[in-house]
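What follows is a short report on a single structure.
The values are calculated or read from the model by the stated rules, or taken from the named source; none is laboratory data. From a predicted model like this one, the values you see are computed outputs, not experimental measurements. Heads up, the Cβs are rebuilt from the backbone with ideal geometry, glycines too, and the neighbour counts pull from every protein chain shown. Note: areas computed on protein heavy atoms with side chains; ligands, DNA, RNA excluded. Shrake-Rupley method; radii C 1.70, N 1.55, O 1.52, S 1.80 Å.
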Amino acid sequence: MKSDIHSVYDLLVDISFLDWVKSPTEETNRYWEEWQGSSPERKLMLREAKVIANGIDFKKTSPENIRKELIFKKIQDSIHEDKEEPAPENIKMKAKPNRVMANNGWLKWAAVFIGLLVMSGIYYFALNESMTTHTTAYGETKSIVLPDGSEIKLNGNSSLSYSNSWEMGEARDVWLVGEAYFTVKHLGVQEKFVVHATTDFNVEVLGTEFNVLNRKGKTKVVLSSGKVMLNLQKDSSEERLQMAPGEMAEYIHNDKVLTKKEVDPMVYTSWRNNRLLFEDTSLKEIKAILESTYGLKVIVADSNLLEKRLYGSAPSNDVTLLLEGLERSLGNEISIEGKLVTIK
């Protein structure tokens, strides 16, 4: 059973997958059914890859000719003929004003590049047809009702994606970048609800209320009510951590370190009611909120101020009032010039 497939792209460059899409048999149907198993990630991946692959004209393009190895070999061959360095994985086109259009290497490069653009276009439109994505601007919040009736409050500078087709008996998967508060609807059939923060970390629930903050290499989960299970994939092993109400778990992406402690959930979830609560909150933490959620550039003249602890509250839906409240709490002057905030 294949273990080196981790994305839709990996499937699209796998010759056995393309052969199966082109000419399915009872044996290959059984193989790919077993490959996806009960994994919601693999089911979604397989469904999206099939949509894209079905858009390929196999009469004109054989499965062999869209394999990853051959695509990159053609690119590298064309570059070598132009006497340039081999292309890195993230290929960048460099403009050369005196290039002769009839150059054979250039034409090969152009042909391959156009082919990649076509494939990218197929992937983009197919992906957007099968997924719904909600985004918010800096300082904006948005209320979302999912297909199962679960309610999401999306904070500023965030995005939430999910499949358009949630089938009975399958996990309900969503992907979050930024911050959101989840009120998950409990279904009688006990279908899991899974929030994906990274490729190796997710939050699994049945029915509960919790907040997820996923920014700058860290994911914080604060549980208001119910139960959640945090799943962390470490190489070949899996770490699972169950949370209880009033707990916050923090995951450091690069280090793959997961910790848990008791907190007041209201401090971390009050933003959904248009308030920010500060309870022994450092200015350093508040600075991070102002920059990541509101898109401000914050300069603190005296770095010692960053460790100052604050108590109180301020409105979160009006950044001007928020900064005025912060100025009163700090006792320091705050000046605003466009998106630049200076604390003196």
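How would Glu48, Glu333 line up by accessible area, probe 1.4 Å, largest first? Walk me through the numbers before you get to the answer.
Numbers: Glu48 20, Glu333 105 Å².
Output order, biggest surface exposure first: Glu333, Glu48.
Provide the solvent-accessible area of Glu279, counting protein heavy atoms only and rolling a 1.4 Å probe, rounded to the nearest 10 Å².
100 Å²
What accessible surface, in Å², does a 1.4 Å probe find on Val194, ignoring ligands, DNA and RNA and rounding to the nearest 10?
10 Å²
Could you state how much accessible area Asp280 has, in square angstrom rounded to the nearest 10, with a 1.4 Å probe and all protein chains kept in place?
70 Å²
Once you have a ≥ b ≥ c as the square roots of the Cα gyration tensor eigenvalues for the stretch 193-235, tell me rounded if a/c is under 1.5, and otherwise prolate or oblate according to whether a/b is larger than b/c.
On the way: a/c = 2.46, a/b = 1.40, b/c = 1.76.
Verdict is oblate for the stretch 193-235.
Can you tell me how the stretch 170-279 classifies by the Cα gyration tensor, rounded, prolate or oblate, using a/c under 1.5 as the rounded cut? Please report the intermediate quantities before stating the final value.
Working: a/c = 1.63, a/b = 1.12, b/c = 1.45.
Cα axes put the stretch 170-279 in the oblate bin.
From the backbone phi of the stretch 266-276, what are the Karplus-calculated ³J(HN,Hα) couplings (6.51 cos²θ - 1.76 cosθ + 1.60, θ = phi - 60°) in whole Hz, Gly and Pro given as x?
4, 4, 9, 10, 5, 4, 5, 9, 6, 9, 10
When a/c reaches 1.5 or more, the comparison of a/b and b/c decides; with that in mind, is the stretch 266-339 rounded, prolate or oblate per its Cα gyration tensor?
oblate
How large is ³J(HN,Hα), in whole Hz, for each residue of the stretch 212-227 in order, when computed from phi with the Karplus curve 6.51 cos²θ - 1.76 cosθ + 1.60 and θ = phi - 60°, using x for Gly and Pro?
10, 10, 10, 9, 6, x, 10, 10, 10, 10, 10, 9, 8, 7, x, 9
Can you tell me how much longer the chain between Ser237 and Asn332 gets when fully stretched, taken as 0.36 nm per residue apart minus their C-alpha distance, in nm with one decimal?
Full extension of this stretch gives 29.2 nm more.
Please work out how much length the chain gains when fully extended from Val257 to Trp35, using 0.36 nm per residue of separation minus the C-alpha to C-alpha distance, in nm with one decimal.
Details: separation 222, 0.36 × 222 = 79.92 nm, distance 2.93 nm.
Working it through step by step, the gained length comes to 77.0 nm.
Residue by residue through the stretch 10-27, which ³J(HN,Hα) values in whole Hz follow from phi under the Karplus form 6.51 cos²θ - 1.76 cosθ + 1.60 (θ = phi - 60°), with glycine and proline marked x?
4, 5, 5, 9, 9, 5, 5, 5, 5, 4, 5, 5, 5, 9, x, 10, 4, 5
Given a cut-off of 27 Å, name the pairs among Lys50/Lys216; Lys43/Lys256; Lys142/Lys308 whose C-alpha atoms lie farther apart than that in the structure shown.
From the list (Lys50/Lys216; Lys43/Lys256; Lys142/Lys308), the Cα-Cα distance tops 27 Å for Lys50/Lys216; Lys142/Lys308.
Taking the Cα-to-Cβ direction at Lys216 and at Thr342 and moving 7 Å from each Cα, how far apart do the two end points lie in nm?
2.2 nm
Assuming R0 = 45 Å, what is the FRET efficiency of His6 and Glu285, from their Cβ-Cβ distance, to the nearest 0.05?
With R0 = 45 Å, the Cβ-Cβ based efficiency is 0.85.
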